[in-house]
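One structure is given below, encoded as structure tokens.
Read-outs throughout are calculated quantities, based only on the coordinates presented, and are distinct from any laboratory measurement. As the structure is a computational prediction, the values presented were derived from the model and not from experiment. With ideal geometry, Cβ positions are generated from the backbone for all residues, glycine too; neighbour counts draw on all protein chains shown.
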Amino acid sequence: MANPNSLCLILLLSSLALASAAVFFEEKFEDGWEKRWVKSDWKKDENMAGEWNYTAGKWNGNVDDKGIQTSEDYRFYAISAEYPEFSNKEKTLVFQFSVKHEQKLDCGGGYMKLMSGDVDQTKFGGDTPYSIMFGPDICGYSTKKVHAILTYNGTNHLIKKEVPCETDQLSHVYTFIIRPDATYSILIDNVEKQTGSLYSDWSLLPPKTIKDPEAKKPEDWDDKEYIDDPEDKKPEGYDDIPKEIPDTEATKPEDWDDEEDGEWTAPTIPNPEYKGPWNAKKIKNPNYKGKWKAPMIDNPDFKDDPEIYVFPNLKYVGIELWQVKSGTLFDNVLICDDPDYAKKLAEETWAKNKDAEKAAFDEAEKKREEEESSKDDPADSDKSQAEDDDAEDDDTEDDSDLKAEAAESDDDVKDEELHVCF
């Protein structure tokens, strides 16, 4: 049996570890969130700037757990928040948020950005430089992935690995972890989906080794894996076999006139004996040395950067995207240095509400399908038509009554007019 004191000590140490986590920014979009976020004027002069709704969405696990949601189709969206500037040098950087595509997104983004230095938040837009761009992106059948773009020496670098994103209409948590040893992890719903090194999975630095540009393939290098069998000889008379032969079963038509139609000759048919151009059989080349490759040498242009993972002056977090169909909802944004704290926040928000959200979504889908089914049901259509006909009959009767009343009213008006005239 476990020692109760040991269990208490473990829980205490765990709590202390979470308490010591440095949280640089945390936004649950509770009361007062609008004071922390600045809506950009980007695209406003073109009437293309979309409005944000403050909502828990059409289906949710907790009506009081609200986020911000895109609300207009074919619009650009840009909003950002500032936090005390910090560097992740010698720290783990954790960037996490939840996103839900209620509109069954077919083309649009659900990513967020971390920016450095000074940014005019009222002008924040697509051309604003950023340090990290992270999150899901969906467009048609070809693009359904997680973006993880790092800016290094002023150039944006896309991750080389494919990380599929979630494509349903429910909330999901996306987490990007960058460690001081230049390793990283990408998680979706607290499950690791990709991991590796900043050195190998982005082209931030020139490669450490390159093919020797001075190396040349030796003249005697044989890279033919198969050769003609020198023992295989072409059969005698092989080339004399015609490709086509006269059709022996063809007969001259009875109405054929040699004087008018010329001399009749039988049509040709493919020769079953013809086997095409002759080629010797192939055998393994006994002198095959494999495909020649230039040897690898140290790249003289490579210079290691032990701070390749560092973003020295992170200061803003923002959402900047274009949406053909609106309905993407962001919530629970976190920037910290502790993956365990991020995991705990995801458990207390997304994980706590996901089952209830799924149930609400299923109920909404069931209702939608029933409504669509009733529209397509001919019996219902006939019933609706009958009801419409009855309604029209009632309307006809009502119209007759109204016309009679109108006629009486007109007579009254005429009498009054005559009375006035005389």
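Scoring 288-297, 164-173, 54-63 by mean Cβ neighbours within 10 Å over their residues and listing the highest first yields 164-173, 54-63, 288-297. Cross-link reach is defined here as a Cα-Cα straight distance under 20 Å, omitting same-chain residues fewer than 8 places apart; for LYS366 the lysines meeting it are LYS58, LYS100, LYS104, LYS354, LYS358, LYS375. Ranking of ILE186, ILE149 by neighbouring Cβ atoms within 10 Å, starting from the fewest: ILE149, ILE186. Taken over segment 20-167, the convex hull of the Cα atoms encloses 157 Å³ per residue. Separation of the alpha carbons by more than 30 angstrom is noted, of LYS211/LYS315; LYS123/LYS161; LYS89/LYS344; LYS161/LYS293; LYS43/LYS161, for LYS211/LYS315; LYS123/LYS161; LYS43/LYS161. The length gained on full extension between ASN47 and ALA359, counted as 0.36 nm times the residue separation minus their Cα-Cα distance, comes to 108.5 nm. Taking only the Cα atoms of segment 58-127, the radius of gyration and Dmax are 15.3, 43 Å.
If all Cα-Cα distances of segment 16-81 are sorted into 5 Å bins from 0 onward, what percent lands in each bin, rounded to whole numbers? Distribution as computed: 3, 14, 20, 18, 17, 14, 8, 3, 2, 1, 0 percent. Taking the number of Cβ atoms within 10 Å of each Cβ as an exposure proxy, the fewest-first ranking of ILE227, ILE138 is ILE227, ILE138. Summing charges over neighbours of GLN194, with a neighbour being any other residue whose Cβ is under 10 Å away from its Cβ, gives -1 when K and R count +1 and D and E count -1.
Taking a Cβ cut-off of under 11 Å around GLU225, the surrounding Lys, Arg, Asp and Glu residues balance to a net charge of +3, with basic ones at +1 and acidic ones at -1.
Projecting the Cα atoms of ASN279, LEU198, TYR238 onto the dipole axis of segment 188-337, where Lys and Arg carry +1 and Asp and Glu carry -1 at the beta carbon, places LEU198 farthest toward the positive end. Spread over its residues, the convex hull of the C-alpha atoms of segment 273-333 is 475 Å³ per residue. Between ASP305 and ILE269, the simple label model (points 7 Å from Cα in the Cβ direction) yields a spacing of 7.6 nm. Here the translational diffusion coefficient of segment 177-297 follows from Stokes-Einstein with Rh set to the Kirkwood radius across Cα pairs; for 10 °C and 1.306 mPa s it amounts to 68 µm²/s. Among 64-70, 121-127, 216-222, sorting by the average number of other beta carbon atoms lying within 10 angstrom of each residue, highest first, gives 64-70, 121-127, 216-222. When TYR141, TYR130 are arranged by Cβ crowding within 10 Å, least crowded first, meaning fewest neighbours, the order is TYR141, TYR130.
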